[in-house]
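Visitor: Structure provided below as structure tokens; questions to follow.
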Amino acid sequence: MDTTPNGVTLSCVSEAVLAREVFDRLRQATAGDTGVLADLCREYVGEARATIDNLRQALSEGNAAEFRERAHYLKGSSLMIGARQLAQYCTALEQMGRDSDLTAAGPVLEQTVVALRAVEEELTRDLGPVALPAEGSAA
């Protein structure tokens, strides 16, 4: 296990990209309607990508409050879809923002990006390309 300078522990163990029990509950909540589930996933991915951009901007500006807020937002939405590893990185980023110490945020943010890509790949395997926003779209 790795620990950030802020004391947040990051797991190095390869876990499932999506917590299956969480994702299955989401599937049940949509009454098994793959179209609705794909819409939810597409919205999540679009928002997650935009939030990553917001985090990069806040980091470049040294805006710890905005950085914390955006990391918290992404953590919550990631937990709702079952992306626990991505949420774990967001927890570390959120703590860095709370502590107003963004010195180690760059590498953790890049790990977050890698985790998001893994989530996107898993969603595509599960639901097909309709789970992702169209290339060039705002989402």
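Coordinate-derived values only; no laboratory data. Source: prediction; values computed, not measured. Ideal geometry is used to build each Cβ from the backbone, glycine not excepted, and the neighbour counts take in all protein chains shown.
Visitor: By how many degrees, 0 to 90 and rounded to 10, does the Cα axis of helix 20-29 deviate from the longest principal axis of the chain?
Guide: Computed tilt is about 50 degrees.
Visitor: Ok, one more. Below 14 angstrom from the Cβ of Thr34, what's the summed charge of the other residues (Lys, Arg +1; Asp, Glu -1)? If you can, show how the numbers build up before the last one.
Guide: Working: positive: Arg27, Arg42, Arg125; negative: Asp24, Asp33, Asp39, Asp126.
With Lys, Arg at +1 and Asp, Glu at -1, the net is -1.
Visitor: What spacing in nm lies between the two simple spin-label points modelled at Asp39 and Arg20, each 7 Å away from Cα in the Cβ direction?
Guide: Placing both labels 7 Å along Cα→Cβ, they lie 2.8 nm apart.
Visitor: Mind checking the angle between helix 105-127 and the chain's longest principal axis? C-alpha axes, 0 to 90 degrees, to the nearest 10.
Guide: Value to nearest ten degrees: 0.
Visitor: Okay, moving on. Compute the relative contact order of the chain as a whole-number percentage, counting only Cα pairs closer than 8 Å that sit 6 or more residues apart in sequence. Before the final figure, lay out each step's value.
Guide: Details: 176 pairs, mean separation 44.7, N = 139.
So the answer I get is 32 percent.
Visitor: Run the simple label-point estimate for Glu66 and Arg125 please: 7 Å along Cα→C-beta, distance reported in nm.
Guide: The two pseudo-label positions are separated by 3.6 nm.
Visitor: If you count, for each residue, the other Cβ atoms within 10 Å and average over each peptide, how do 102-115, 19-32 line up from highest to lowest? Could you put the intermediate results ahead of the total?
Guide: Numbers: 102-115: 17.3, 19-32: 13.5.
Top of the packing list down: 102-115, 19-32.
Visitor: May I ask for the net charge around Ala105, where only other residues with Cβ less than 11 Å from the Cβ of Ala105 are counted and Lys, Arg are +1 while Asp, Glu are -1?
Guide: Details: positive: Arg56, Arg68; negative: Glu94, Asp99, Asp101, Glu110.
Residues close to Ala105 contribute a combined charge of -2.
Visitor: To the nearest 0.05, how large is the calculated FRET efficiency for Ala29 and Thr103 if R₀ is 30 Å and r is the Cβ-Cβ distance? Show your work: numbers first, answer last.
Guide: Values: r = 40 Å, r/R0 = 1.34.
Computed FRET efficiency for Ala29 and Thr103: 0.15.
Visitor: Moving on to the next point. Any chance you could give the angle, 0 to 90 degrees and rounded to 10, that helix 84-98 forms with the longest Cα principal axis of the chain?
Guide: In the chain, helix 84-98 runs at an angle near 30 degrees to the longest axis.
Visitor: Among (1) 27, 17, 12; (2) 44, 15, 11; (3) 24, 20, 14, find the value of semi-axes √(5λ) of the Cα gyration tensor in Å that was calculated from the structure presented, and write down its label.
Guide: Here the calculated entry is (1).
Visitor: Distance from a point 7 Å along Cα→Cβ of Val113 to each backbone N in segment 54-76: keep the residues under 13 Å and list them by number.
Guide: Inside the label zone: 54-57, 59-60.
Visitor: Rounded to the nearest 500, what is the chain's calculated 222 nm mean residue ellipticity when only DSSP H runs of at least 4 contribute -39500 (n - 2.57) each, over all residues?
Guide: Working: 5 runs with 94 residues, N = 139.
For the chain, the value works out to -23000 deg cm²/dmol.
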